[in-house]
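The values are calculated or read from the model by the stated rules, or taken from the named source; none is laboratory data. Everything numeric in this text was worked out from a predicted model, so none of it was measured. As a convention, Cβ positions derive from the backbone with ideal geometry for all residues, glycine included, and neighbour counts pool all protein chains shown. These area figures cover heavy atoms from the full protein model, side chains too; ligands, DNA and RNA do not enter into them. Shrake-Rupley method; radii C 1.70, N 1.55, O 1.52, S 1.80 Å.
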Amino acid sequence: DNQIRFVKSALWYHGYGRPQLYRLPSDGSAGSRELLLTFSWLLHRLGLLEQLLARNRVKTGDETSVCTCEDDPPNSQKGMTEIAPEYGLEDRVDVRYLQWLNGRLRLQWRSLHAQHQEQCKLLHKIHLFTSGSHTDQILGHFSVTETDLVRQPENYKQLLQLLESETMQLEAFLEWKQLEPVYWHWMETVLDNTVEEGNTCESWDAHVEKSGLPKATSGCPWADDLTGQIDRLSRDLMTLRDRLHELVTHRKAAWCEKVKAGEEELQKEGFFAAARKIQESVELKLRDLTYLCAPKSHKAHGAYRLVFRSKQPASRTGSGRPASREPVSAVGATEVIRELQMRGASLERELKQLQEECRQRLGEIAEGLNGVICVSP
C-alpha cells in the first residue's frame, strides 16, 4: 500500500492528469492497463530511458553537476489541484512536527555540504599531485578512478565488467529506438479501446439513470430515501449557486467603485508622479536582472568533468609540448560562482520583499483585533 501511494504521489507531482489511475485500489488488485498507459506517459514525457542511461553511466572521470538555468515552475502545479490524491490530505499535521522536520532537513543539508567540501579538498589533492601525468594534455591529471587503477591494477576487471554492462544497455537502447514506432502504434490501439469502453460505460450509466431508476425506487424504501437526499442536495446546490452569483456581483461592484476611487486619487495626486514611482520600482527590480541581457554563449546544465587549472597559466606542459586549447563546452568555476552569487542575491532581495509584504499584512490584520497587542520578534 505504501509503495502504491508513493507511486501515485510521484506521478501527481510530475503532472500525470488521468484520474482513473488515482481511483485504483491500493491493494494492486486492478489497473494493469492504467499502469501500462502511465508507463508509456513516463517514456514520452520524462525521457525515462535516457535518464536511466545517464544515471547508470560508468564515470571514469571526476564530474560535478552544474546548472545555471532559470528555474521553471513544475508542470504539476498548473491545474492539478482538482485531481490531487485524497489520502493523507484530510489529516491535520502539527506545526511543531513540521518545525522538527525543517530542523532535521537543515542539519542534514549542512552535513551534506560539509561532506561535499571535504570531497572537493581530496579531489584537489589528487589533481594537484598527479598533475602532468596524464597522456591527455587537456586534462593533465588523473581522476579518482584512474588513480585507484594505478594503485590497485587488479580492480580493472570490475571496471571492465561495468563497461561491458553499459555497452549492453546502450545496445538494448538502440534496438528499442528501432522498434519504438511499433510500440507507440500498439499504445494508440490500447488508448482507443480505453476511450471506447469509457464511452460505453457512460452511455450505459445514462441509460440506467433514465430507465432503471424509477422502477427501482418504486419498491425500495432505501432508494426513495436516497432519491430524496439527492433532490435536497440539488436544491442546496442551486441555492448556493445563486448566493455565489449575488456575492460575485456585489464584489464586482465594490471593486469597480474602488477602481474609480483610485483613479480619482491618482488624478488628484497627479498621474505623472504615480507613473514615475511605478517606473522607479520597475527599474529597481530589473536592475538585478541586467546580467541576463548580457550576451552569453550558453547556459550551463548537466554533468561536467572537473579539470584542475593552476593560477599561473603555463604555455608548455611537463613533456615540452604545447598545451591544448580549452574544450568548447568548458565552464569556468569563477563564472558559475559569480552566476550563483547573483542569483542568490536576487533571491534574498525577493525574500525580504515578501517578508515585508507579510509583515504589512499581519499589521493590517492586527489592527482589526480589539484588545490584542502584537509585539514583533
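Taking amide H atoms as placed 1.01 Å from N in the peptide plane, the amide H of Leu306 lies under 5 Å from those of Asp62, Glu63, Thr64, each 5 or more residues away in sequence or on another chain. Over all Cα pairs of region 1-46, how is the pair count split among 10 Å bins, expressed in % and running from 0 up to the last occupied bin? P(r) over region 1-46, rounded to whole percents: 27, 63, 10. Taking only protein heavy atoms and a 1.4 Å probe, the accessible area of region 1-46 is 56% carbon and sulfur. Placing dummy labels 7 Å off each Cα toward the beta-carbon, the span from Lys252 to Arg55 is 5.0 nm. For the residues Ser29, Ser143, a 1.4 Å probe over the protein chains yields an accessible-area ranking, largest first, of Ser29, Ser143. Accessible area of Cys256, 1.4 Å probe, to the nearest 10 Å²? Near enough 60 Å² of accessible area.
Ranked from highest to lowest mean number of other Cβ atoms within 10 Å per residue, what is the order of the peptides 355-365, 146-156?
Numbers: 355-365: 10.3, 146-156: 12.3.
Taking the mean over residues of other Cβ atoms within 10 Å, the ranking is 146-156, 355-365.
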